[in-house]
1. Taking into account only those residues within segment B:325-335 that are within 13 Å of B:S390 (Cβ to Cβ) and in a helix (DSSP H, G or I), which is modelled with the highest pLDDT?
2. Counting only residues that are β-branched (V, I, T) and buried (at least 23 other Cβ atoms within 10 Å of the Cβ), which one in segment A:335-361 is farthest from A:V122 (Cα to Cα)?
3. Residues of segment B:47-81 being in a helix (DSSP H, G or I) and touching an Asp or Glu at 6+ places or on another chain (Cβ under 6 Å), which ones?
4. Only residues that are of a type in the set (A, V, I, L, M, F, W, C) and under 14 Å from B:I107 (Cβ atoms): list them for segment B:345-362, please.
5. Would you point out which residue out of A:P300, A:P307 is free of Cβ contacts under 8 Å to residues at least 12 places away in the same chain, assigned to a helix (DSSP H, G or I) and buried (at least 18 other Cβ atoms within 10 Å of the Cβ)?
6. Buried (at least 17 other Cβ atoms within 10 Å of the Cβ) and either more than 8 Å from chain A (Cβ to nearest Cβ) or closer than 27 Å to A:P274 by Cβ (or both): does that describe B:L20?
7. Hey, any hits in segment B:362-382 for a residue that's part of a helix (DSSP H, G or I) and surrounded by fewer than 18 Cβ atoms within 10 Å (Cβ to Cβ)?
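The values are calculated or read from the model by the stated rules, or taken from the named source; none is laboratory data. Worth saying up front: this structure is predicted, and the values here are computed from it rather than measured. Glycine gets a Cβ as well: all are built from the backbone with ideal geometry, and neighbour counts include every protein chain shown.
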Number of protein chains: 2
Amino acid sequence: MSLEESSHYSIEHFFIALALILIFSKVFGELAERIKQPSVLGELVAGVILGGSVLAIVPSVPGMLGYDTFHLLAEVGVAILLFEIGLETDLKDLIKVGFTSTIVAIIGVVVPFALGFASILVFEKYGMLGNVDPNFTILIAITAGATLTATSVGITARVLSDMNRLQSGEAKIILGAAVIDDILGLIILGVVSGLIESSESGVGVGGGVSAASVGIIFLKAFGFLIAAIVIGNLTSKRLFNLVEKMRVRGVLLLSAISFAFIFSYLASLVGLAPIVGAFAAGLVLANTHQFKSIEERIKPVADVFTPIFFIMVGAAVDVSVFNPFVKENIPILIIALVLFIVAVVGKLLSGLGVFQKGIKKSVIGVGMIPRGEVGLIFAQVGLTYGVFTSELFSAVTVMVMLTTFIAPPLLKIMFARGGDTAEDSA
Amino acid sequence: MSLEESSHYSIEHFFIALALILIFSKVFGELAERIKQPSVLGELVAGVILGGSVLAIVPSVPGMLGYDTFHLLAEVGVAILLFEIGLETDLKDLIKVGFTSTIVAIIGVVVPFALGFASILVFEKYGMLGNVDPNFTILIAITAGATLTATSVGITARVLSDMNRLQSGEAKIILGAAVIDDILGLIILGVVSGLIESSESGVGVGGGVSAASVGIIFLKAFGFLIAAIVIGNLTSKRLFNLVEKMRVRGVLLLSAISFAFIFSYLASLVGLAPIVGAFAAGLVLANTHQFKSIEERIKPVADVFTPIFFIMVGAAVDVSVFNPFVKENIPILIIALVLFIVAVVGKLLSGLGVFQKGIKKSVIGVGMIPRGEVGLIFAQVGLTYGVFTSELFSAVTVMVMLTTFIAPPLLKIMFARGGDTAEDSA
């Protein structure tokens with residue numbers, strides 16, 4: 001077949017890359033468990049090894065041949081994971097902790113933002129940001145602060161699921177806070193994008209964002225969630241009773257997955273992360289008579305797709321930036337370390353918003369630590385529009401990675417300790 | 001997220017396209033079953049509707065945004081289907097009918113090739129090919145003949161599986177013949193590519209292909225199959241007993257799928273279709289102690305992936321070419337119809353190679369009718385190197401589609417008739 005063109009990702013590559021993704025994720029997941037670590041940590045490490053900066057088996061950088069395909073599959077993987085978790089979650093429990101989740105989400109957004117903002121001003125004072133136009137310092141600080149706000153719930157959800165802790169009070173608060181966090185992230189993205197665009201057009205900071213436009217973003221996101229859950233609950237039982245009457249093979253599973261994908265699609269349309277839609281779909285289908293069968297059949301599908309997500313997260317790590325013997329890496333690593341500390345402290349403090357008895361504040365705080373795609377999107381926007389230098393961009397990327405890798409082992413320790421303060425276990 | 005680039009296939013599109021693929025394939029599959037047709041026929045029709053020439057929801061033409069991703073997933077889908085079918089097939093049964101399968105494959109390659117070759121000479125005589133350099137007629141005839149040779153076993157395998165006929169003698173012969181067919185197709189592709197390349201460089205037909213190079217292609221393909229099955233059988237039991245000792249979730253399923261993907265990869269490396277490798281992997285794992293668990297867990301995964309293959313096959317159909325009121329379509333449709341008849345007759349005759357009692361020759365013949373990717377690859381090569389006019393290319397595409405759509409209903413009728421000639425049922 002030598003006469004074929006080679007401008008596309010070949011089917012051979014695809015098969016072997018998929019095989020290695022599945023093998024590496026299971027082997028490293030197993031190794032992690034053997035040394036009493038969450039298996040997802042092993043999968044992340046496997047991703048680093050398969051990624052562009054080590055073995056380069058998985059296309060890990062946008063623009064690489066085949067990257068789009070793996071990226072799309074990774075998104076499907078994490079959506080199926082959150083759908084599965086939604087299926088195991090009772091909406092009533094979420095609503096019960098709704099107020100607490102909201103407080104946790106707000107603290108976890110405001111504190112890291114403020115600390116990140118302040119850090120950038122300090123860096124600027126000591127000339128660590130390089131040659132930066134002083135008029136832009138505030139905009140840089142706002143954008144960097146924004147990268148610290150959004151929690152990526154995939155990692156935490158996976159650890160909670162693996163530890164059979166999805167039914168704990170902590171899990172409910174974290175899941176609820178993650179949904180609210182995504183809405184807040186959306187609003188911040190709207191504001192920051194507006195600020196950057198207006199500064200580009202010379203209007204100056206603050207000129208481009210109206211309260212009305214922020215309100216519209218909020219209403220769209222919130223309206224979607226309410227509508228999805230209400231309309232979903234009204235129609236899903238009848239729909240799935242109809243599905244049960246069909247004879248073709250696999251129809252229940254495929255209907256459930258399609259349901260999740262449509263919700264993911266609608267969430268994307270209003271600007272939310274697809275996983276928020278998938279999670280809502282799971283919450284809705286948890287009320288159908290067929291939810292046990294759906295849960296059982298979705299498991300093998302999740303087993304195939306979700307490792308792709310965790311491998312791709314790991315694969316995005318560029319290990320060369322961690323080499324302290326390369327002079328250029330030093331300022332990047334210092335900034336990254338400070339932002340990382342700020343990121344961890346900020347989310348840990350969010351646990352203080354919990355006043356329920358028997359809930360471990362530290363678990364909540366740690367569960368909110370992982371940052372992910374939304375942070376990277378902010379960094380990408382900053383880089384594209386010249387607000388971030390490539391060093392600051394790299395530092396943010398490193399911060400995101402560190403938060404992702406630190407959360408699984410910390411969560412395991414926190415849960416194992418059986419209560420971290422006298423007050424918590426009271 | 002308006003600041004992102006849009007040069008890649010968006011995640012929203014991907015989610016909604018996947019959802020519609022799954023929904024359409026099940027709804028049309030159900031409709032097909034209700035009118036007593038195989039559900040795969042419904043899925044093919046669903047593909048036509050979702051494809052570029054009707055709703056354009058699924059990117060169905062190479063080069064379209066997102067096409068590569070769906071194409072790769074379709075290949076994975078049909079590989080998982082053949083892996084599943086391999087799991088349900090006993091290698092000993094295949095070897096038992098090996099001689100018969102070989103005869104069936106050879107007749108089914110030689111007869112359609114000869115008939116196709118002759119048809120092109122007739123078309124040329126009556127000026128139906130347009131302005132063609134007479135020196136090239138033989139090369140055109142050879143390439144067109146080649147497009148008629150290779151059976152695409154995915155459709156037939158699916159129908160046999162849906163009808164619970166995989167354990168029938170007919171199914172074994174068809175599966176064995178399809179594997180041999182792929183090896184023969186490979187040799188023909190080597191020969192035709194060589195002829196085309198040597199005619200390009202002015203050496204003239206016949207100059208570029210040595211018996212040695214054909215021998216090497218054959219040895220590589222055949223060697224792979226033997227080695228895969230022998231080494232696979234020697235190692236797989238130990239390997240899967242080891243896998244059973246691992247604790248992480250989904251490890252058995254993912255090991256089995258990785259095994260199938262690695263075999264698919266190796267098959268591609270020697271030039272065979274990936275599905276031949278996946279089928280061999282299934283045959284090997286059918287001998288492990290874990291094969292029942294593997295079979296059970298692969299089902300939901302197959303349910304998700306295989307519809308993508310059948311939808312993509314249907315989506316490739318350009319319905320506009322069937323409009324007889326467009327003058328340009330008339331010669332295309334006439335040539336396509338003749339090639340289609342030749343394609344059907346040629347494969348039906350291959351059933352005559354069967355001399356076992358109790359085997360329906362007609363089922364074998366019909367089961368070998370569907371042409372697929374390999375035929376289209378020949379046509380693509382012909383078009384790229386200027387051997388085929390775009391009309392002849394379109395005609396071949398239509399022929400491939402017609403064979404694909406005719407086979408499922410014919411197979412159902414043939415099996416239902418319970419014996420088609422006195423000799424058969426004797």
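1. Filtering segment B:325-335 down to residues within 13 Å of B:S390 (Cβ to Cβ) leaves B:328-329, B:331-332, B:335.
Then keep just the ones that are in a helix (DSSP H, G or I); that gives B:329, B:331-332, B:335.
On the way: B:N329: 90, B:P331: 88, B:I332: 91, B:I335: 94.
Among those residues, the one meeting the criterion is B:I335.
2. Filtering segment A:335-361 for residues β-branched (V, I, T) gives A:335, A:338, A:341-342, A:344-345, A:354, A:359.
Then drop every residue that is not buried (at least 23 other Cβ atoms within 10 Å of the Cβ), which leaves A:335, A:342, A:354.
Working: A:I335: 11, A:V342: 13, A:V354: 31 Å.
In this case the residue turns out to be A:V354.
3. Taking segment B:47-81 and keeping what is in a helix (DSSP H, G or I), we get B:47-50, B:67-81.
Those that are in a helix (DSSP H, G or I) and touching an Asp or Glu at 6+ places or on another chain (Cβ under 6 Å): none in segment B:47-81.
4. Taking segment B:345-362 and keeping what is of a type in the set (A, V, I, L, M, F, W, C), we get B:345, B:348-349, B:352, B:354-355, B:359.
Once the filter is applied, which keeps residues that are of a type in the set (A, V, I, L, M, F, W, C) and under 14 Å from B:I107 (Cβ atoms), segment B:345-362 yields B:V345, B:L348, B:L349, B:L352, B:V354, B:F355.
5. Working: A:P307 fails: free of Cβ contacts under 8 Å to residues at least 12 places away in the same chain.
Selected residue: A:P300, the only one of A:P300, A:P307 that is free of Cβ contacts under 8 Å to residues at least 12 places away in the same chain, assigned to a helix (DSSP H, G or I) and buried (at least 18 other Cβ atoms within 10 Å of the Cβ).
6. Numbers: buried (at least 17 other Cβ atoms within 10 Å of the Cβ): yes; either more than 8 Å from chain A (Cβ to nearest Cβ) or closer than 27 Å to A:P274 by Cβ (or both): yes.
For B:L20, the condition - buried (at least 17 other Cβ atoms within 10 Å of the Cβ) and either more than 8 Å from chain A (Cβ to nearest Cβ) or closer than 27 Å to A:P274 by Cβ (or both) - is met.
7. Looking only at segment B:362-382, we keep the residues that are part of a helix (DSSP H, G or I), and these are B:362-367, B:373-382.
Then keep just the ones that are surrounded by fewer than 18 Cβ atoms within 10 Å (Cβ to Cβ); that gives none.
No, every residue in segment B:362-382 fails to be part of a helix (DSSP H, G or I) and surrounded by fewer than 18 Cβ atoms within 10 Å (Cβ to Cβ).
Each row is one residue, and each column tells you yes or no for (1) in contact with a strand residue (DSSP E or B) (Cβ under 6 Å, 6 or more places away or on another chain); (2) within 14 Å of another protein chain (Cβ to nearest Cβ); (3) within 25 Å of A:V317 (Cβ to Cβ); (4) of a type in the set (A, V, I, L, M).
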position	(1), (2), (3), (4)
A:L352	no, no, no, yes
A:I359	no, no, no, yes
A:I364	no, no, no, yes
A:Q380	no, yes, yes, no
A:Y385	no, yes, yes, no
A:L402	no, no, yes, yes
A:A407	no, no, yes, yes
A:A416	no, no, no, yes
